Structures are given as C-alpha cells and as structure tokens.
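What follows is a single structure, written as structure tokens, with notes after it.
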Amino acid sequence: MLKLCLNTYAFTMMMMMIELLSSVPIQANDNLRVAYEWKEIDFKYANAEQRWMAIENFEFKPNNVIPFGIEVYRTRLFVTLPRWRSGVPASLAYLDLNVSSTKSPTLVPYPSWAAHSMNELEPELVSPFRIRADRCGRLWVLDSRIDGVLLDTKVYGPAQLLVYDLHNDNLLRRHIFPLKQVKEKSFFANLAVEDGECENTYAYAGDLGNPGLVVYSWRRDESWRVHHNYFHPDPLAGNYSIGSVEFQWDDGLYGLALSKAQSDGYATLYFHPLSSTMEFAVNTMILRNKTLATTGQIYREFKILGSRGPNAQAGASFLDQLTGVLFYALPNLNAVACWKTSNRAYTIKSQGRVYMSPVEMVFPSDVKVDDQDRLWVLSNRLQDFIYGELFPNSVNFRILTAHVKDAIENTACDIKTKPLPEIINKLGDILNTVTNPTSKTGSKSKASSISINCGLIIAIFGSLSLS
C-alpha cells in the first residue's frame, strides 16, 4: 500500500507539474522596435557655418560623442551625452517625438547652448550621466562634473543635482553634494526620484566608484550619504565579454528603481551593483530618515531578493509602476530582462527576457518607462567606445521602444500570466517529508505521515486541475 501510494503520488505530481509548467512562457516575442538610430550624433546649430566652425575649432568631434542616458517627457526625448573625451559641445539634449521625418534627428542642446559653455569657471552643466523627469514637471539631472572621464580629466567640483522646470526650462535648483558625501574615486552615474509628493520629493544618487547612496530631500534642500555592504561589487562578477571585447570592471551601486508608493507613503527601492548578479531592496522609510539612515543600525533593513544567474550583471533599471514590472539591462547578454515584483521568488525562472539582439542591443545603457507606459531602451556599444573605436559608417546608437504590455507579452512578467501556486515552490520540502520521514515513533507513524502527505498532495493537485 505504501509503495503504491508513493508511486501514485510521484506520477500525479509529475503529470501536474508538466501540465502547469507547459503553460508558462519561456521566451519573449522581442517586440521592441527601433525608433531612432545614429551612426554619429549631430546637433542643431543655428546654421551650417557655426557647425563647421565648431568642428574646425575641435569643439565638436562627432566620434567622441556618445549617448548614455534617456528620459521621455510629453513630446520630448532627452539624452545625456557625457564628456568622456573632448569635443562634446553639449552634454544634455533632446529630440522632438512629433517629428517623424527621420530616424536620425539632430539633437537640440538643453536647456540652451549657453548652459554648456565650458569657458565659465563653474559651468552650469558639465557631464551628466542620468536624468529623471518627475510627475511634477521637473527634470532632475545628475551631473558628475567630470570633463574628460577617459582622457585629459578635469574635475569642476563635487557632483551636483540640477532641477529644471519642464514647463519653461528654467533652472529651479542646484544642489552640490557636500565634500563629506563625495569620497575618493566617487563616481555618480545613476539616479532615482521618489515624487509621491511634489514638495516632499526625494532623489537617490548612486555612487559606483566608492559604493554608497546619497539621498536628497527637496523640502529640506539637504542631502546625506548612506552606506551598506550590498552596495559593493561582487569580486566574482567582474568579468565582461561583449561582442569581441573582454574586460573587467569593479563598479558598485548602479541600478536604482522605485516602486509605487505604498499606503504609508513610502516606496521600495530596488537596487544592484553593476558588477554583481544579485538584486536587493530596501524601504525608503529607512533612507528618508536622515538620523536612522546615517547610523549603523539599518543593516538588517536591506533585503536580498536573489540572483539573476551566470553572466547576468545588470546595468540601468526602471520599474513600471502601472504593472509593477522591473526592467533592467543585461550588457553581458545584449539583452533587456524583467521581473514581476508581485512574484515572491527572484530566480532565473521567474525572470523574463524582453529583448535580445547581438546587433541592436549591444550594451543596453539605459531603460525607462514614460507616462504613457511605453518602454524605451538605449543601446550604445559603450565597450567599443571605451576600449576600441566606433565606425562612422555603421549604426552605433539605437533607441528602441514598445508599449509595456507588448514588451512583456509571453514572458514571465506578462501580467496576464498567473504565478505558479506557492505549493509548487514547496514541492521539494513536501517530497522530502514523504520519502524521508523523520518521525522516531515507529513504522506506524511513518506510514501515517506518508499516507497523510500523499493524500494531501494528490488532493491539492486535483483541486489545481479544476481551477
């Protein structure tokens, strides 16, 4: 009887698992389309003569200009163009989404050409890497203030946050990080903005060079630095192989993404170092409390979610608050992936591939979702720009897009796909209990335990098949 029950249980479990798992999508439709592409970036000068003069004076070197971060607000798509090398005439610009006459539009400097003048002792904009438009009509710009990141480096001061009014493009506020919040090797390259209340907005700036997080309060107009071991890179995840380029990076805190505000007004910040395959999370209630956040008492408030698997170092990330889906770039895999935050498990199987291409998605540099729930992804062949060269006769930069629901269709993140019942995640424990009972009260108790568990599992799977 015992052997028959076990065989019946095993067979029933196997058949039900096959039936359940066969309905779970395992790959995406790769639904993103290329909206814009460039061989080289060009700017909108007043006339052709001014453009030619800029080139002759080495103020504009097209082969040294590379897009890095993006943001969409209404009819404008903003692009950051950090000053990795000399010859970048404007480090922040935009294109008009209503103009569809070309897939390679010239970019308009933002907020003006004057804001990018490097002849000033303290230029307004030096070298921003990441930007974020909030729901209050403000554009937050995280400026590293480092000119010539790769060559002939000049530092204009500590990193700064610039906030512009997107209704009139006026500068609303400039916050320079205090010296005590900027460490040796600090490099601020990512930004998240918590805008549940316009007058009580918080910005989070990630330091990848000397791992840490700077929190800025709009209401208080002050910032503080938060430390945690989870911000640091994994020494076993520093190897990269993209295209034909192999290299090692030890970058720390990088991806930052905020959930929708909960009933108490706070959100969850999902984060990861660049050189890591792990994902972490923390409630912003901890970060927004300056007194608490700057003490050593918050260590256990940070949570480990899980691993993305081998070679799955993640870059920029963004959370779509409508669907609760977290998107993130996977530069080593030429891909963008996703995870549904309502899923309790953060495993390889619970994550979905949104788009993968060894041509169109070589080094996905930024990921955003706009207020119309469209996903936008920028790829820029950064590894070739840094360690080799970009060829002006080839397409080097692309911006891809799709509506979120189309992007996640037939993936593990599809909002039409129900997560597997919790019982599935516990089958290993149940099976271990059935086949290896630990009761010491004798064979009768063992048999009873097996019989109860066997009947329970078969009943559960029977109910699942009817649901």
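The values are calculated or read from the model by the stated rules, or taken from the named source; none is laboratory data. Everything numeric in this text was worked out from a predicted model, so none of it was measured. Cβ coordinates were reconstructed from backbone atoms using ideal geometry, including for glycine residues, and neighbour counts include every protein chain displayed. Just so you know, the surface numbers come from the protein's heavy atoms only, side chains and all, with ligands and any DNA or RNA stripped out. Shrake-Rupley method; radii C 1.70, N 1.55, O 1.52, S 1.80 Å.
Somewhere in region 324-333, is a residue more than 14 Å from the chain's Cα centre (by Cα) and open to solvent by 40 Å² or more (accessible area, probe 1.4 Å)?
Yes, that holds for at least one residue.
Kindly indicate the residue of region 230-242 that is of a type outside the set (Ser, Thr, Tyr) and in contact (Cβ under 8 Å) with a residue 60 or more places away in the chain and also surrounded by the fewest Cβ atoms within 10 Å (Cβ to Cβ) among those meeting that condition.
Applying the first criterion (of a type outside the set (Ser, Thr, Tyr)) to region 230-242 yields 231-239, 242.
Filter once more, keeping what is in contact (Cβ under 8 Å) with a residue 60 or more places away in the chain: 237, 242.
Working: Ala237: 22, Ile242: 19.
Ranking the candidates gives Ile242 first.
Can you list the strands (runs of 3 or more DSSP E) lying wholly within region 150-268 that have 2 or more residues being of a type outside the set (A, V, I, L, M) and within 19 Å of Thr294 (Cβ to Cβ)?
Working: elements: 160-165, 171-176, 188-194, 202-207, 212-217, 222-226, 239-242, 245-248, 253-258.
So the answer is 188-194, 202-207, 212-217, 222-226.
Say we look at region 44-80 and pick out the residues that are hydrophobic (A, V, I, L, M, F, W, C) and surrounded by fewer than 20 Cβ atoms within 10 Å (Cβ to Cβ); which of these is nearest to Leu107 (Cα to Cα)? Show your work before the answer.
Within region 44-80, the subset hydrophobic (A, V, I, L, M, F, W, C) is 46, 48, 52-55, 58, 60, 65-66, 68, 70, 72, 77-79.
Subset that is surrounded by fewer than 20 Cβ atoms within 10 Å (Cβ to Cβ): 46, 48, 52-55, 58.
Values: Ala46: 12, Ala48: 14, Trp52: 16, Met53: 18, Ala54: 15, Ile55: 16, Phe58: 19 Å.
Here the residue is Ala46.
Taking into account only those residues within region 334-349 that are among the small types (Gly, Ala, Ser) and surrounded by fewer than 19 Cβ atoms within 10 Å (Cβ to Cβ), which is nearest to Ile304 (Cα to Cα)? Please lay out each step first, then the result.
To start, the set of residues in region 334-349 that are among the small types (Gly, Ala, Ser) comprises 335, 337, 342, 345.
The next check asks that each one be surrounded by fewer than 19 Cβ atoms within 10 Å (Cβ to Cβ); those that pass are 342, 345.
Details: Ser342: 16, Ala345: 11 Å.
Of everything passing the filter in region 334-349, Ala345 is nearest to Ile304 (Cα to Cα).
Of all residues being closer than 16 Å to Thr75 by Cα and either touching a Phe, Trp or Tyr at 6+ places or on another chain (Cβ under 6 Å) or of a type in the set (Ser, Thr, Tyr) (or both) in region 132-155, which is surrounded by the fewest Cβ atoms within 10 Å (Cβ to Cβ)? Just the residue, please.
Among residues in region 132-155 that are closer than 16 Å to Thr75 by Cα and either touching a Phe, Trp or Tyr at 6+ places or on another chain (Cβ under 6 Å) or of a type in the set (Ser, Thr, Tyr) (or both), the one surrounded by the fewest Cβ atoms within 10 Å (Cβ to Cβ) is Ala133.
Mind listing whichever residues of region 269-298 are open to solvent by 20 Å² or more (accessible area, probe 1.4 Å), touching a Gly at 6+ places or on another chain (Cβ under 9 Å) and assigned to a strand (DSSP E or B)?
Passing the criteria: Tyr270, Met278.
For the list (1) under 20 Å from Ala46 (Cβ atoms); (2) open to solvent by 40 Å² or more (accessible area, probe 1.4 Å), I need the number of the one condition that Leu92 fails.
Here Leu92 clears every test but (2).
Could you say which residue among Ser91, Ser100, Ser104 is among the polar types (S, T, N, Q) and modelled with pLDDT under 95?
On the way: Ser91 fails: modelled with pLDDT under 95; Ser104 fails: modelled with pLDDT under 95.
From the options Ser91, Ser100, Ser104, the qualifying one is Ser100.
Can you pull out every residue in region 306-323 that is hydrophobic (A, V, I, L, M, F, W, C) and open to solvent by less than 50 Å² (accessible area, probe 1.4 Å)?
Restricting attention to region 306-323, the residues satisfying the condition of being hydrophobic (A, V, I, L, M, F, W, C) are 312, 314, 316, 318-319, 322.
Selection gives Ala312, Ala314, Ala316, Phe318, Leu319.
Mind checking which residues of region 118-131 are open to solvent by 10 Å² or more (accessible area, probe 1.4 Å) and either out of contact with any Asp or Glu (no Cβ under 8 Å at 6 or more places or on another chain) or within 15 Å of Asn200 (Cα to Cα) (or both)? Can you show your working first?
To start, the set of residues in region 118-131 that are open to solvent by 10 Å² or more (accessible area, probe 1.4 Å) comprises 118-122, 124.
Selection gives Asn119, Glu120, Leu121, Glu122, Glu124.
Which condition number in (1) modelled with pLDDT of 95 or more; (2) in a loop (DSSP other than H, G, I, E, B) is the one that Ser23 fails?
(1)
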